[in-house]
Amino acid sequence: MALLSILEFPDSRLRTIAKAVTKVDNRIRRLIDDMFETMYEAPGIGLAATQVNEHVRVIVIDISEEKDTPLVFINPEIEVLDKELHEYEEGCLSVPGYSEEVTRPIHVRVKALNREGEAFVMEPEDLLTVCIQHEIDHLNGKLFVDYLSSIKRQRIRKKLEKEHKAKA
Ligand code: GNR
Ligand code: NI
């Protein structure tokens with residue numbers, strides 16, 4: 001297993017559209033293991049392959065208190081079931097130190113493959129609904145800051161750029 005480094009906004013690689021996984025093989029399973037290690041260490045409740053500069057449609061999530069309920073979504077597809085929306089304060093490992101309210105559909109159905117390459121369907125609730133949509137956005141090159149006003153987004157971008165320069 002290996003800890004992977006996480007890309008940070010405004011890195012343009014976070015804007016890459018991830019490619020579908022054609023075969024769930026040991027290479028993908030190794031990526032999944034490394035992503036879990038990286039996510040738990042961060043710590044975070046979810047991680048998309050895009051964030052570790054791997055542009056394939058793979059997501060790992062664990063929203064449990066005990067960090068004992070790992071969930072894997074390969075090639076996830078989301079269907080919005082009704083118009084009901086929900087606001088939640090989101091953070092992101094690729095936008096460290098910032099969180100803002102984001103409004104998203106609450107009732108969705110997700111189809112994906114698990115780490116054995118088997119198809120499954122689920123209707124996530126509460127935080128899991130938010131997290132899955134946040135992670136699928138990453139696979140599509142989208143970040144939660146894209147839902148904010150451009151003023152807010154630019155302020156966050158400038159502050160992070162300053163931090164990155166200070167570190168370099
Ligand atoms: O760790 C994370 N917490 C979180 C909180 C609210 C909404 C979404 C998230 S996902 C985030 C980890 C991350 O950046 N995943 O892409
Ligand atoms: Ni994120």
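The values are calculated or read from the model by the stated rules, or taken from the named source; none is laboratory data. Note that the structure is a prediction, hence the values are computed from the model and not measured. Quick reminder, even Gly has a Cβ in these numbers, built from the backbone with ideal geometry, and neighbours come from all protein chains shown. Ligands, DNA and RNA are excluded from the accessible area calculation, which covers all protein heavy atoms including side chains. Shrake-Rupley method; radii C 1.70, N 1.55, O 1.52, S 1.80 Å.
Given Ile59, Ile74, Ile45, which one is farther than 16 Å from Lys142 by Cβ and in contact with a Gly (Cβ under 8 Å, 6 or more places away or on another chain)?
Ile74
Which of the numbered conditions does Leu128 fail, given that it passes all the others? Conditions: (1) open to solvent by 80 Å² or more (accessible area, probe 1.4 Å); (2) in a helix (DSSP H, G or I).
(1) is the only condition that Leu128 fails.
Out of segment 141-150, which residues are in a helix (DSSP H, G or I) and more than 12 Å from ligand 1 (Cβ to nearest atom)?
Selection gives Asp146, Ser150.
Pick from Arg57, Arg27: which is of a type in the set (Lys, Arg), loosely packed, with under 12 Cβ neighbours inside 10 Å and over 17 Å from Phe144 (Cβ atoms)?
Sole residue among the options that is of a type in the set (Lys, Arg), loosely packed, with under 12 Cβ neighbours inside 10 Å and over 17 Å from Phe144 (Cβ atoms): Arg27.
Any idea which of (1) surrounded by 14 or more Cβ atoms within 10 Å (Cβ to Cβ); (2) more than 13 Å from ligand 1 (Cβ to nearest atom) is the one Val121 doesn't satisfy?
All conditions pass for Val121, except number (1).
Restricting to segment 98-118, count the residues that are touching a residue at least 24 places away in the same chain (Cβ under 8 Å), within 13 Å of ligand 1 (Cβ to nearest atom) and either part of a loop (DSSP other than H, G, I, E, B) or of a type outside the set (Val, Ile, Thr) (or both).
Total satisfying the criteria: 3.
From Val72, Val80, grab the single residue that is more than 13 Å from ligand 1 (Cβ to nearest atom), of a type in the set (A, V, I, L, M) and in contact with a Pro (Cβ under 7 Å, 6 or more places away or on another chain).
Result: Val80 is the single residue among Val72, Val80 that is more than 13 Å from ligand 1 (Cβ to nearest atom), of a type in the set (A, V, I, L, M) and in contact with a Pro (Cβ under 7 Å, 6 or more places away or on another chain).
When segment 17-41 is examined, which residues are found to be hydroxyl-bearing (Ser, Thr, Tyr) and either under 17 Å from Ile136 (Cα atoms) or within 16 Å of ligand 2 (Cβ to nearest atom) (or both)?
If the condition is that a residue be hydroxyl-bearing (Ser, Thr, Tyr) and either under 17 Å from Ile136 (Cα atoms) or within 16 Å of ligand 2 (Cβ to nearest atom) (or both), then Thr38, Tyr40 are the ones that fit.
Select from segment 63-92 the residues that are part of a loop (DSSP other than H, G, I, E, B) and surrounded by fewer than 20 Cβ atoms within 10 Å (Cβ to Cβ) and list them in ascending order.
Once the filter is applied, which keeps residues that are part of a loop (DSSP other than H, G, I, E, B) and surrounded by fewer than 20 Cβ atoms within 10 Å (Cβ to Cβ), segment 63-92 yields Ile63, Ser64, Glu65, Glu66, Lys67, Asp68, Thr69, Pro70, Leu81, Asp82, Lys83, Glu84.
For Arg153, indicate whether it is assigned to a strand (DSSP E or B) and among the charged types (D, E, K, R). Write out each step before concluding.
On the way: assigned to a strand (DSSP E or B): no; among the charged types (D, E, K, R): yes.
Judged against the criteria, Arg153 is not a match.
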